[in-house]
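Please read the structure below before turning to the comments.
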Amino acid sequence: MKDFLDGLTDEQAAAVVAAMKDVAGNGLVAARHLRGEVYEVRAEAERQAFRVLFAQETSFILLSLSGFQKKRQRTPPDEIALAETRLADWRRRARRS
């Protein structure tokens, strides 16, 4: 996820942050449910579309799991699977601490 954000221009990163703030302020109604606990938020900047897949851990925490530039109509299944794997890993590590 850090590599995704680091690769964005300032305008693109601002759009992604604004989209996540929209979800933080308005709840999951500002996002699209994909599968299980994984949601998608959309951002557009510089005539490009971006997506961030995330899960809501608590009412205050949105855990960003995957980010990518959208090129197709449907969210790639491998991105959803990656987000699910990262969420499971996050929770597994949290239980150990």
Checklist outcome for this item: Among strands (runs of 3 or more DSSP E) completely within region 1-95, the ones holding 1 or more residues that are among the polar types (S, T, N, Q) are 48-56, 62-69
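Conditions tested, residue by residue: (1) without any contact (Cβ under 8 Å) to a residue 60 or more places away in the chain; (2) surrounded by 14 or more Cβ atoms within 10 Å (Cβ to Cβ); (3) in contact with a strand residue (DSSP E or B) (Cβ under 9 Å, 6 or more places away or on another chain).
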residue: 4; (1), (2), (3): no, yes, yes
residue: 8; (1), (2), (3): yes, yes, yes
residue: 14; (1), (2), (3): yes, no, yes
residue: 70; (1), (2), (3): yes, yes, yes
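Results for (1) within 22 Å of residue 78 (Cβ to Cβ); (2) touching a helix residue (DSSP H, G or I) at 6+ places or on another chain (Cβ under 8 Å), shown as yes or no for each residue.
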{"position": "3", "(1), (2)": "yes, no"}
{"position": "6", "(1), (2)": "yes, no"}
{"position": "23", "(1), (2)": "no, yes"}
{"position": "27", "(1), (2)": "no, no"}
{"position": "41", "(1), (2)": "yes, yes"}
{"position": "49", "(1), (2)": "yes, no"}
{"position": "55", "(1), (2)": "yes, yes"}
{"position": "58", "(1), (2)": "no, no"}
Checklist outcome for this item: With the first residue restricted to region 34-61 and required to be polar (S, T, N, Q), and the second required to be crowded, with 16+ Cβ neighbours inside 10 Å, Cβ contacts under 6 Å at 6 or more apart or on different chains are 56/62
Checklist outcome for this item: Of the residues in region 34-68, those that are of a type in the set (Phe, Trp, Tyr), open to solvent by 30 Å² or more (accessible area, probe 1.4 Å) and either closer than 17 Å to residue 14 by Cα or within 13 Å of the chain's Cα centre (by Cα) (or both) number 1
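The values are calculated or read from the model by the stated rules, or taken from the named source; none is laboratory data. Please read these numbers as outputs of a predicted model, since none were measured by experiment. All Cβ positions, glycine included, derive from the backbone under ideal geometry; neighbour counts span all protein chains shown. When the accessible area is computed, the model is the full protein with side chains, heavy atoms only, and any ligands, DNA or RNA have been set aside. Shrake-Rupley method; radii C 1.70, N 1.55, O 1.52, S 1.80 Å.
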